[in-house]
Amino acid sequence: MISKSQYSFSKAERITNKIIIQKLFEEGDKINSKNFDLRILSGFENNFNQILITVSKNKIKSAVKRNLIKRRIRESYRLNKNLVDKRGLYIAIIYSTSKILDFEDVNLSLIRTLKKIN
């Protein structure tokens, strides 16, 4: 039986602290893939990971399209967050392509990228 909290994405799982965000981009390890760049920083003792999702205004001009991409990434992460075995990570998911991908492409690309963390 799958627990309901396995597929949830609560406010506690989001990075909102500006100091942590700055530290993540300055000191975090980089993982690059075709459509995403990830920054990873370990450093807190919770049993879940915290993430940040960004889509560059320089790559995607329309705010509506940026929000669409962020919703697709957030949903894909929510469904596949169990692929990351490590706990207590700060993860920044940066959308790095200028094309607007549909959900299936975002999902496959994010799965490949998340598997690189382990």
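The values are calculated or read from the model by the stated rules, or taken from the named source; none is laboratory data. What you see is a predicted model; the values in this text were computed from it and never measured. Neighbour counts run over all protein chains shown; Cβ positions are idealised from the backbone, glycine included.
A few notes on this one:
- Residue satisfying all of: in the stretch 70-118; part of a loop (DSSP other than H, G, I, E, B) and small (Gly, Ala, Ser); surrounded by the most Cβ atoms within 10 Å (Cβ to Cβ) among these: Ser96
- Considering the stretch 57-94, the residues that are of a type in the set (S, T, N, Q) and in contact with a helix residue (DSSP H, G or I) (Cβ under 6 Å, 6 or more places away or on another chain) include one that is modelled with the lowest pLDDT, namely Asn80.
- You will find that of Asn47, Asn58, Asn67, the residue that is surrounded by 10 or more Cβ atoms within 10 Å (Cβ to Cβ) and not basic (Lys, Arg) is Asn67 and no other.
- Residue in the stretch 44-58 that is farther than 24 Å from Glu27 by Cα and either assigned to a loop (DSSP other than H, G, I, E, B) or not small (Gly, Ala, Ser) (or both) present: no
- Unique residue being hydroxyl-bearing (Ser, Thr, Tyr) and modelled with pLDDT of 95 or more when the list is Thr54, Thr97, Thr113: Thr54
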